[in-house]
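The values are calculated or read from the model by the stated rules, or taken from the named source; none is laboratory data. Bear in mind that the values here come from a model prediction, so they are computed numbers and not experimental data. Virtual Cβ from ideal backbone geometry, glycine too; neighbours counted across all protein chains shown. The protein model used for the area step is the full one, side chains on, heavy atoms only, and it has no ligands, DNA or RNA in it. Shrake-Rupley method; radii C 1.70, N 1.55, O 1.52, S 1.80 Å.
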Amino acid sequence: MRVKLILLVSAVSVLAACKTTPEPVVQDPVAVNQPVPIPAPVEQAAPVQIVEAPTPIPYAGPIAGSLEDFLYNSGGNGDGRVFFAYNQYDLSNDSRDVLRRQAQWLQSYQNVTAVVEGNADERGTREYNLALAARRADSVKSFLVSQGVAPSRLTTVSYGKERPIDGGSNEASWAKNRNSLTNLMSGSIG
Amino acid sequence: MTRHIKLFIASFLFLLSGFQPAIAQLNIDITQGNLDPVPIAIPDFLSADMQGRDIGAKIAEVVRADLERSGIFKSLSPSSFLETQTNIDYKPTFADWRVIKAEALVSGRVVVEDPSRIRVEYRLWDITAGEQLSGIRFGTAPNQWRRIAHKVSDSIYKKLTGEEGYFDSRIVFVDEQGPKTNRRKRLAIMDQDSANTQYLQSGADIVLTPRFSPNSQTITYMSYENIVPQVYVLDIETGRRELLGNFPGMTFSPRFSPDGKSMILSLMKKGNSDLYLMDLTSRSTSRLTTSPSIDVSGSFSPEGQKIVFNSDRGGSPQLYVMSARGGDAKRISFGKGRYSAPVWSPRGDKIAFVRSKDGKFAIGVMNSDGSGERILTESYLDESPTWSPNGRVVIFSRETRGARGKSELWSVDLTGQNLRKVLTPGGASDPAWSPLLP
């Protein structure tokens, strides 16, 4: 069998070698006109128009009742978040201050509802972290309710470790990712 | 002891089939670590026509890759083969295979019966003893050749190790795209050998933790398509999808019971998660845990009598076992560190878990009573273990550090040997291995 195969291969090679090589085809060069220079444009550029700069409107702070207003008035990092220690869900004094101001603001705008989103850092398994981040969101909701916000205005959602705000794998990044975000929903302006 | 029983059964079968019992029959004990892979020769399957030869070459390639990946076999290079068989119904020239140190030979054939049907046959030869160990025939449609290849691998694996194989199976997982801070996730499914990847969703919402039902046709998973995330059930073939139950809070960490008739999941109420059991026919639920703590990641024992789960009721996350009807739970993890994500082996004797300690996450196994703990692999973040259908291999996900970190799937043997990357088109997490396909 092996011998037969070799014979076959040799036969094919011989056949290939017997084919005549085609003559090379020589092409005549195509005639090309000499390039003719194009004259430069003669029209002059239009004069530059001078426009008076508008007078800046002084910043009067965020619009009352807007998300910006909420973030501006509730302190902390100014992003609506409070932060937690590793594997913990209790609120620090700083967090309580931020949440008191959030509650105060929410009490001024009674038609605003919010989703409280709990987050965990990446150093935990997925399902455990979903439960841990849910606890964090619930801590925040309970505190806001204790400050007078109607529980029906607050929905809690756990994102576990699915929504990090910092992709790093170091203490500073993990600390940022262990948080709860008070996210305004219907009723807020702007 | 088990080895003696196995040998006895083998001899008995051979007497029945008219063979003399082999004196030195090829029998691989895969319960030991550091096993020398058994050299096996698998030439392309023969065929009388072009289409059959093409399929035969592809089948042999898949079988070689399956067995090689198991770590138990070393697939010899076809370029080293001395004998070219022309008919698998004749004995091979054993001496030619001994020269290249093959201990087993698989010679196969593909017969194209008509355009819609092929017949695949193979014979497994013990080269040392010089005798046939098995000869099996499969019939199928030509486009199903890959399934047949995996079935051939399973049947060789079973004949030589005495244990069920795991090659004709699938893996459902979460496909991941984008950086950690903006990661898109969608459900995907592929064959056990990474072939035939299909996406089950567009990826508009975050989806997590898919798991197979015992029939391999239905999966359960958690999705963020509504504000409050919930558990869903999806039929893979029809695409029919259903929200499971009408719970007041987040439902997560779902898993089917071994008979497929009920589901265990966690329900979040006022910051407290408890395990619930849902009967999938009547849709009635019963609460299994009542402690004011995190109770998640329930997983049934294969006979369905017990549940292992993750709880921090003792102050830190640990593993507990209780009756499938609830009641008292017994802690089984006592090593240093935090334990989570337990999964009961389909064989029933082991539980795989994640242990975090000193800033690292390890995949480990322990006996179902908590004894005999062993770490298989460890990195910055190993998690989500899932068992092969025969309980010999664990696939898990491994996330690397930093903003450019990526999640990938890896597999490792129960012995801690044979760590391999499982190929996926993009990033991948939360793998779940199906049972053997029917």
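Report the residue count in region B:175-192 for those that are out of contact with any strand residue (DSSP E or B) (no Cβ under 9 Å at 6 or more places or on another chain) and either touching a residue at least 60 places away in the same chain (Cβ under 8 Å) or not assigned by TED's automatic domain parsing to the domain that holds residue B:398 (or both).
2
Under 9 Å by Cβ, and 6 or more places apart or on different chains, what pairs join a residue from region B:381-404 that is within 11 Å of another protein chain (Cβ to nearest Cβ) and in contact (Cβ under 8 Å) with a residue 24 or more places away in the chain with one that is assigned to a loop (DSSP other than H, G, I, E, B) and of a type in the set (Phe, Trp, Tyr)?
Listed by first residue and then by second, the contacts come to B:399/B:380.
If you go through region B:323-336 one residue at a time, how many are within 14 Å of residue B:373 (Cβ to Cβ), of a type in the set (D, E, K, R) and part of a loop (DSSP other than H, G, I, E, B)?
Here the count works out to 1.
Taking the criterion of being closer than 28 Å to residue B:404 by Cβ and either in contact with a helix residue (DSSP H, G or I) (Cβ under 9 Å, 6 or more places away or on another chain) or at pLDDT 95 or above (or both), would at least one residue in region B:162-172 satisfy it?
Yes, that holds for at least one residue.
Any residue in region B:365-374 that is surrounded by fewer than 24 Cβ atoms within 10 Å (Cβ to Cβ), within 11 Å of another protein chain (Cβ to nearest Cβ) and at pLDDT 95 or above?
Checking region B:365-374: not a single residue is surrounded by fewer than 24 Cβ atoms within 10 Å (Cβ to Cβ), within 11 Å of another protein chain (Cβ to nearest Cβ) and at pLDDT 95 or above.
If I go through region B:105-145 residue by residue, how many of them are within 25 Å of residue B:80 (Cα to Cα) and charged (D, E, K, R)? Show your work before the answer.
Residues of region B:105-145 within 25 Å of residue B:80 (Cα to Cα): B:105-110, B:120-135.
Those left that are additionally charged (D, E, K, R): B:109, B:121, B:123, B:126, B:131.
Within region B:105-145, residues that are within 25 Å of residue B:80 (Cα to Cα) and charged (D, E, K, R) number 5.
Which of the following residues is within 22 Å of residue A:133 (Cα to Cα), assigned to a strand (DSSP E or B) and more than 14 Å from chain A (Cβ to nearest Cβ): B:276, B:232, B:320, B:339?
B:232
Which members of region B:314-330 meet the condition of being touching a Lys or Arg at 6+ places or on another chain (Cβ under 9 Å) and either open to solvent by 30 Å² or more (accessible area, probe 1.4 Å) or hydrophobic (A, V, I, L, M, F, W, C) (or both)?
Scanning region B:314-330 gives B:314, B:316, B:319, B:321, B:322, B:323, B:324, B:329.
Quick one: in region A:107-131, of everything that is open to solvent by 10 Å² or more (accessible area, probe 1.4 Å) and in contact with a Phe, Trp or Tyr (Cβ under 7 Å, 6 or more places away or on another chain), which residue is nearest to the other protein chains (Cβ to nearest Cβ)?
This residue is A:127.
Does residue B:44 qualify as being within 30 Å of residue B:388 (Cα to Cα), outside any strand (DSSP E or B) and out of contact with any strand residue (DSSP E or B) (no Cβ under 9 Å at 6 or more places or on another chain)?
It is false that residue B:44 is within 30 Å of residue B:388 (Cα to Cα), outside any strand (DSSP E or B) and out of contact with any strand residue (DSSP E or B) (no Cβ under 9 Å at 6 or more places or on another chain).
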